[in-house]
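The values are calculated or read from the model by the stated rules, or taken from the named source; none is laboratory data. Treat the numbers as computed from the prediction; the structure is a model and nothing was measured. When we count neighbours, we look across all protein chains shown, and the Cβ atoms used for this are built from the backbone with ideal geometry, even at glycine. Each accessible area value is taken on the protein alone, full model and side chains, heavy atoms only, with ligands, DNA and RNA left out. Shrake-Rupley method; radii C 1.70, N 1.55, O 1.52, S 1.80 Å.
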Amino acid sequence: MKLVKTVSTLTLALIASTSIYTTSSFAAETSSNQVEQSATTSVTSPDTTFVKTVTADEIESIKEEAALTQNINQPNFNENNNNSLGIFSYTEGFTFTMDGWASGTQKRTNGEITFTSNSDVYATIHQRTSFPTEAVPIISYELISKSSGKSAGVRNVSWPYAESSPYTIGWSNVLPGTYYLLITNLGPNQIFGGGFLNAY
C-alpha cells in the first residue's frame, strides 16, 4: 500500500509541473502575440501625423464648412493640368497615404508645398473603405497655410475612387506660402487610399 501511495504522489507532482509549464508557455505565447498585434496596429504612415479624433459635433462642423467653401476657389480642372500649354509654372508637392484610418481620425500631411506667387493647387486622390464594394468613404481634405493656420477651403469627397481612376480636387488663386493638407475620416468605416498634391 505504501508503494502505491508514493507512486500516486509522484504521478500527481509530475502532472502538476507539466501543467504549470504548459500554462506558462501558453501565456508567454499569447502575450507575444498580443505585443505583435498591437505593434502591427500602431504602425503609422511616415507621410502623415495624427492630430486628433474628431467628435460628432466637429464632423458636422467640417461638413458645414465644406458646404460653404466647396465651390469657392475651386479651379476648373484641365486633364492636362494646364502645363502642356507652357504658360503655368509647376510646383511639385508631396504624396500621402491613408492606411486604415478609423472613423473620426484626423491627420495632417508631413509633406508640404511652397509657392511664391498665387497658384492653383490640385490634390489627386484615390480612396475606399474597408468594404470596397459595400460602403462609401466620406473624407474631407483641407488646405491649410503653415504660417498663418488659415484654411484655403475644405473639399469633401464622398465616393470610392480606385487608384486606376483617381479624382482631382483643387483650390484656385491660393496666396503664396507653405501649405499642408488636413485630412479627416468623416464616415463610419476605416479608410484606405492616398494621393498627391501639386501647384500651378
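Only one residue in Phe96, Phe192, Phe196 is open to solvent by 20 Å² or more (accessible area, probe 1.4 Å) and under 25 Å from Thr55 (Cβ atoms). Which one? If you could, list the steps in order and put the result at the bottom.
On the way: Phe96 fails: open to solvent by 20 Å² or more (accessible area, probe 1.4 Å); Phe196 fails: under 25 Å from Thr55 (Cβ atoms).
Phe192 is the lone residue from the list that is open to solvent by 20 Å² or more (accessible area, probe 1.4 Å) and under 25 Å from Thr55 (Cβ atoms).
Within segment 113-153, work out how many residues are crowded, with 17+ Cβ neighbours inside 10 Å, of a type outside the set (Val, Ile, Thr) and part of a strand (DSSP E or B).
Residues that pass the stated criteria total 14.
If you check Gly187 against the conditions, is it at pLDDT 95 or above, more than 25 Å from Leu68 (Cβ to Cβ) and more than 12 Å from the chain's Cα centre (by Cα)? Walk me through how you get there before you give the answer.
Values: at pLDDT 95 or above: yes; more than 25 Å from Leu68 (Cβ to Cβ): no; more than 12 Å from the chain's Cα centre (by Cα): yes.
No.
Inside segment 90-120, can you point out the residues that are touching a Ser or Thr at 6+ places or on another chain (Cβ under 8 Å) and of a type in the set (Val, Ile, Thr)?
Result: Thr91, Thr97, Thr105, Thr109, Ile113, Thr114.
With respect to the numbered conditions (1) open to solvent by less than 30 Å² (accessible area, probe 1.4 Å); (2) more than 16 Å from Thr114 (Cβ to Cβ); (3) hydroxyl-bearing (Ser, Thr, Tyr), which one is the sole condition not fulfilled by Ser165?
Of the numbered conditions (1) open to solvent by less than 30 Å² (accessible area, probe 1.4 Å); (2) more than 16 Å from Thr114 (Cβ to Cβ); (3) hydroxyl-bearing (Ser, Thr, Tyr), the odd one out for Ser165 is (1).
Name the one entry in Thr133, Thr95, Thr116 that is β-branched (Val, Ile, Thr) and under 14 Å from the mean Cα position of the chain (by Cα).
Values: Thr133 fails: under 14 Å from the mean Cα position of the chain (by Cα); Thr116 fails: under 14 Å from the mean Cα position of the chain (by Cα).
None of the other options fit; the residue is Thr95.
Could you run through segment 145-166 and say how many residues are in contact (Cβ under 8 Å) with a residue 40 or more places away in the chain and over 18 Å from Ile72 (Cα atoms)?
So in segment 145-166, the residues in contact (Cβ under 8 Å) with a residue 40 or more places away in the chain come out as 151-156, 166.
Filter again for over 18 Å from Ile72 (Cα atoms), leaving 166.
Matching residues across segment 145-166 total 1.
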